[in-house]
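Scroll down for the structure; my scribbles are underneath it.
The values are calculated or read from the model by the stated rules, or taken from the named source; none is laboratory data. All values reported here derive from a predicted model rather than from experimental measurement. With ideal geometry, Cβ positions are generated from the backbone for all residues, glycine too; neighbour counts draw on all protein chains shown. All accessible areas refer to the heavy atoms of the entire protein, side chains included, with ligands and DNA or RNA removed. Shrake-Rupley method; radii C 1.70, N 1.55, O 1.52, S 1.80 Å.
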Amino acid sequence: MILDYPAWVRITHFLNFLFLSLLLRSGLEILSAHPKLYWNDHCKPGSEWLSFDRRPYPKDELFTADDQEMAFPALLALPGNKHWDLGRHWHFAAVNGWIATGLAYVGLLFATGQWRRLLPASWSVFPEAWRVLVQYAHLRFPAQHASHNALQQLAYAGVVFLLAPLSIATGAAMSPAVAGRFPRYIRLFRGRQAARSIHFLCLLAYVAFTCGHLAMVAVHGFRPELALITLGQVADPDLDRALAVGLGGIAAVVAIHVLATRLSLHHPGWVQRAAEWVVDPVRRFILGRLASRQHYTRADLSEFLWVNGRPPRADDYLALARDGFRDYVLPVRGLVEQPLDLTLADLRAMPRQAQITLHNCIQGWSGVAEWAGVPLRELVRRCRPLPRAGYVVFWAFDEKSRSEPRPKAAGQYYGTIPMAMALQPQTLLAYDLNGQPLPREHGAPLRLRLETQYGFTMIKYIKSIEFVESFRTVGRGRGGWPEDNLGRSREASI
């Protein structure tokens, strides 16, 4: 018996199918958070080239990005039904597995000489591929051999050496940490939103390739082709065994998807913790220490900036807002040598820093704005944290059960950042937006700016600041209100 396809080819083939299917479903779940695609970073309503949400944008009321969310069914998305925070966990866990599989595959491809099966030896492969395509178009199917025909060779080589790297590159371009540290990189794709659109088109290309791949298996003989894929057999294949192995593999993938969906819907906390244990160390190692170096110009400012969440309805906040926050006082407490109580006038009297940066929302939209305020490191310098102070806690006026009446929305909104991030040059306590006092819907009177993180970490409506030893002692110990209640990861760099 001749085995033309080594075991490692067949194993990586199966793993690739598993991880890509998980990426497809979880990617659709992520898209449901902001089901619009753009070729510009400003995301103004009406400028999208593709929208799955046909609801008009009302101009006479506060319409937030949360109102744009859609519920994709669990049969289509993972896990479906507006659980896109968990979808992100599955997506990044699957990305880790898919990249590891791909690296192993490409390494073994060149180590064993199997690369000759994919990479053309001469330019003649292109006219030959066209000839084969014409044959298929006329429903005349060329004889199938152990090696690929020219059209298949180009298709497989394109997927492995072009489509896969492009998918990874555009995925990285959507990272706020990458966009902040390497702003020129995302310009290679004409911006973050263009990269997001290309990433979606890559997904469609994988679907098209898979459908074409399955069609070729069918037209060249389903069971003999299945013997090649599952058993590596060319001569005298065991067709019954191949069918059993093939159906068993498909059943295993389906079972994994069913289990992933049920675990996500019924045990979201377990999925969150497991995914963070697998994924967050990788994210932290690659992106955790990147500092923003963005310097956009006023010509880059977005005409429109989406709003996430609604302003607080707490009585103390509303009373301050009625007087233009004239009586606002920011307490700075915790593990500090010098506690502070700063009015808005005090903050404006401190060294002022302005920066024009790209805001990245975890839901998918973005926008360029000018933020001005006090560098947080100036506040750190004045309050002098104790040596054991490892994190800064930002408490908001926002009581979620009142501002966002939805299931599981309760408790005071807060977030934490490590001291190293507090000292980064573009970490800012912003009180101005585009040269004007910060509007209420964008976080008045004071909000945090972290230019390498997603927007949910940039606490709005700051009520007080506290220096603590560990974020584990705050709230439910996961790093912030979204992490405690929505299943998000505190590693918000991608």
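The angle between the Cα long axis of helix 125-137 and the longest principal axis of the Cα atoms of the chain comes to about 80 degrees, rounded to the nearest 10.
At a probe radius of 1.4 angstrom, the accessible area of the chain per residue rounds to 47 square angstrom. Rounded, prolate or oblate: which fits the range 149-272, taking a ≥ b ≥ c as square roots of the Cα gyration tensor eigenvalues, rounded meaning a/c under 1.5, else prolate when a/b beats b/c? It comes out oblate by the Cα gyration axes. Farthest towards the positive end of the charge dipole of the range 176-319, among the residues ALA208, GLN294, ALA244, is the Cα of GLN294, using unit charges on the Cβ of Lys, Arg, Asp and Glu. Rounded to the nearest 20, the Cβ-based charge dipole of the range 255-325 about its Cα centre (Lys and Arg +1, Asp and Glu -1) stands at 280 debye.
As a length-normalised measure over Cα pairs under 8 Å and 6 or more apart, the relative contact order of the range 402-494 settles at 26 percent. Helix-only arithmetic for the chain: the sum of -39500 (n - 2.57) across DSSP H runs with n ≥ 4, divided by the residue total, places the mean residue ellipticity at 222 nm at -14000 deg cm²/dmol. Rolling a 1.4 Å probe across all protein chains gives ASP85 an accessible area of roughly 20 Å². Magnitude of the charge dipole for the chain, about its Cα centre and with charges confined to Cβ atoms of Lys, Arg (+1) and Asp, Glu (-1), is about 580 debye. Taking Cα atoms only, the orientation of helix 222-231 departs from the longest principal axis of the chain by about 70 degrees. Set Lys and Arg Cβ to +1 and Asp and Glu Cβ to -1, take the dipole of the chain about its Cα centre, and tell me which of PHE325, VAL254, LEU486 lies farthest positive. Of PHE325, VAL254, LEU486, it is PHE325.
The residue among ILE30, ALA137, GLY334 whose Cα reaches farthest toward the positive pole of the charge dipole of the chain, with charges on the beta-carbon of Lys, Arg, Asp and Glu, is GLY334. Once backbone amide H atoms are built at 1.01 Å from N, ASN360 has GLY455 as its partners under 5 Å, excluding neighbours fewer than 5 places away on the same chain.
Of all accessible surface on the range 137-267 at a 1.4 Å probe, what whole percent is carbon and sulfur? Carbon plus sulfur share of accessible area: 71 percent. Measuring only protein heavy atoms, the 1.4 Å probe finds THR112 accessible over about 70 Å².
The solvent-accessible area of HIS89, taken with every protein chain present and a 1.4 Å probe, is close to 10 Å².
Here the range 292-374 is treated with +1 on each Lys and Arg Cβ and -1 on each Asp and Glu Cβ, and its dipole about the Cα centre works out to around 180 debye. Using a probe radius of 1.4 angstrom, the carbon and sulfur fraction of the accessible surface of the range 308-377 is 48%.
Using C-alpha pairs below 8 Å separated by at least 6 residues, the relative contact order for the range 203-264 is 21 percent. At R0 = 60 Å, how high is the FRET efficiency between ARG190 and ASP240 if r is their beta carbon distance? Nearest 0.05 is fine. The calculated FRET efficiency here is 0.70. Here the chain yields Rg over Rh of 1.05, to two decimals, using C-alpha coordinates and the Kirkwood radius. Principal-axis analysis of the Cα atoms of the chain puts helix 239-266 at an angle of about 10° to the longest axis. When TRP306, TRP123 are compared by accessible surface with a 1.4 Å probe, the order from highest to lowest is TRP123, TRP306.
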